[in-house]
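Taking it in order: structure first as structure tokens, then the write-up.
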Amino acid sequence: MNTRTVNGMPVKVAPNAETVSDQAYTAIVDLILSHQLRPGERTSVIQLAERLAMGRTPVKEAITRLQAEGLLSVAGRSGTTVNSIDEDTARQIFALRRNLETFAVSDAVKNAKAEDIKLLRNLLSELSKSSVSSRNFAEDALRFVSANVKFHALIVGSAGNPTLDRLYGQIQLQAQIVTYLFHRGVNPDSFKHRQDEHVAIVDALEERDAARLKKLLASHAETTERSVLEALSNIASTSTKRLQRIGVAQNDNVSKKKPVTKKARQPK
């Protein structure tokens, strides 16, 4: 049996139990990123278990985690649904993320360890491989999101505040997935700019420069938020115009139809 710490106490867990649950979690996120599970689409533990060729227990545990993080909704007989993200929801998510990151800075610059900086440098390399240097964004989606989640979580985690970590974790993956989905096909120059921002963030943390780190994190978050909200706005506008065109076409078809008149009966 393996052990892990829960509320400060060592607890025995079955070998590989956590690993299988994590694999299910990662696989479901991958389905969302690759659009094999779309916003508004319904599924279930049974369907996902069959689809992923995994047991129901780890899939159920993964769904519970993703529900807590706001990616999925579970409602009785209605099953599990992938949550849709609109402009207002995205705005709220990014505002929370930005404020929590800013809150973490003061303690992060004091408590960050050399090991944290080393891990961040390693993640910079991973982010570069899956974005700036990538030639296939779809294939590298999961790797990019995973590395980006870890990067930002490590910045916040270096503050040494477990309560903050818990709150941040509830919105972080959702923010990153939304960010990736609406950056698909974007000019690689935008990824290069974002990577430069990541490098500057790590430099500021290593130099214990709180003012600079706050400024960099805020700027980085605002740039991402602005581009995502713009993409969502364009999608909403396109959908509205499409519906308007459909409405006009339907009206034209109705107006073109000749009125049906009954022929007068001829006297016999």
Qualifying positions in region 151-165 - open to solvent by 40 Å² or more (accessible area, probe 1.4 Å) and part of a loop (DSSP other than H, G, I, E, B):
G160, N161
Tally up the residues in region 206-221 that are open to solvent by less than 40 Å² (accessible area, probe 1.4 Å), closer than 13 Å to V109 by Cβ and in contact with a Ser or Thr (Cβ under 7 Å, 6 or more places away or on another chain), please.
2
When both residues are 6+ apart or on different chains and their Cβ atoms are under 9 Å apart, which pairs have a first residue that lies in region 159-177 and is at positive phi and at pLDDT 85 or above, and a second that is in a helix (DSSP H, G or I) and not basic (K, R)?
G160/D107; G160/A108; G160/N111
Residue check: is I201 at pLDDT 85 or above, among the β-branched types (V, I, T), in contact with an Asp or Glu (Cβ under 8 Å, 6 or more places away or on another chain) and assigned to a helix (DSSP H, G or I)?
no
Out of region 143-172, which residues are hydroxyl-bearing (S, T, Y) and over 22 Å from A90 (Cβ atoms)?
S158, T163
Pick from A104, A147, A90, A141: which is buried (at least 20 other Cβ atoms within 10 Å of the Cβ), small (G, A, S) and at pLDDT 90 or above?
A104
Where S219 falls short, out of the listed (1) at pLDDT 85 or above; (2) among the hydroxyl-bearing types (S, T, Y); (3) more than 29 Å from T102 (Cβ to Cβ):
(3)
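The values are calculated or read from the model by the stated rules, or taken from the named source; none is laboratory data. Please read these numbers as outputs of a predicted model, since none were measured by experiment. Counting neighbours? That spans all protein chains shown, and the Cβs are built from the backbone with ideal geometry, glycine included. Note: accessible area is taken over every heavy atom of the protein model, side chains too, but ligands, DNA and RNA are not part of it. Shrake-Rupley method; radii C 1.70, N 1.55, O 1.52, S 1.80 Å.
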